[in-house]
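Down below is the structure, laid out as structure tokens.
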Amino acid sequence: MTKFLLALHVLAAIVAVGPVTVAASMFPPAARRALLAPDDVGAAGTVRLLHRICRVYAGLGIAVPVLGFATASVMGVMGDAWLIVSAALTVLAAIVLVVLVLPRQEVLLEGGGNRGTTVRLAMFTGVFNLLWATVTVLMIVRPGSTTGA
């Protein structure tokens, strides 16, 4: 059961979080291009598509911590420091996405914002991606793990 849950957890992370990190990273430059060419239907369509990917896959991303907690419970590591830190960073990444990234994307989609908005959005997206990268490293390294991995 542990290997099955772990496989689902890793697959969910790849399938759900991967697209959000890529689409969110692509959004600020795409939004800049759309701001520079307000009549470019293709540029506007790209921005809408990237935002939709971020929203949809953010919702699917809820499966990652759910499966992670199920896996950790079966493995008996719920109280391990690396898991607690990873969970806290996951919550922080979700907050950054929901409070700082997605709303700024929506402002730009609605025709508001300017180049400064895209720069701040790029910074928040970078923070989001850095948090996920840190969680990924913690999941691989698992400080204090007795498995030798």
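The values are calculated or read from the model by the stated rules, or taken from the named source; none is laboratory data. Note that the coordinates shown come from a computational prediction; the quantities given were computed from them, not determined experimentally. Neighbour counts run over all protein chains shown; Cβ positions are idealised from the backbone, glycine included. Accessible surface is based on the protein model in full, side chains and every heavy atom, while ligands, DNA and RNA are left aside. Shrake-Rupley method; radii C 1.70, N 1.55, O 1.52, S 1.80 Å.
Using R0 = 25 Å, the C-beta based FRET efficiency linking Ser25 and Val141 works out to 0.55.
Gain on full extension, evaluated as 0.36 nm per residue between Val98 and Asp40 minus their Cα-Cα distance, stands at 18.1 nm. When Met78, Met1 are compared by accessible surface with a 1.4 Å probe, the order from highest to lowest is Met1, Met78. Solvent exposure of the range 19-149, expressed per residue, is 54 Å² of accessible area, with all protein chains present and a 1.4 angstrom probe. With Rh defined as the Kirkwood radius, the inverse of the mean 1/r over Cα pairs, the Rg/Rh of the chain is 1.07. Counting only alpha carbon atoms, the long axis of helix 41-60 and the longest principal axis of the chain meet at about 20°. Net length available on complete extension from Ala70 to Glu106 is 9.6 nm, with 0.36 nm assigned per residue and the Cα-Cα distance removed. Restricting the calculation to alpha carbons of the range 60-147 gives Rg and Dmax of 16.1, 53 angstrom. Surface composition of the chain: carbon and sulfur make up 72 percent of the accessible area, probe 1.4 Å. Rolling a 1.4 Å probe over the protein heavy atoms leaves Arg52 with an accessible area of roughly 150 Å². Distance between the 7 Å Cα→Cβ label points at Val85 and Met1: 2.9 nm.
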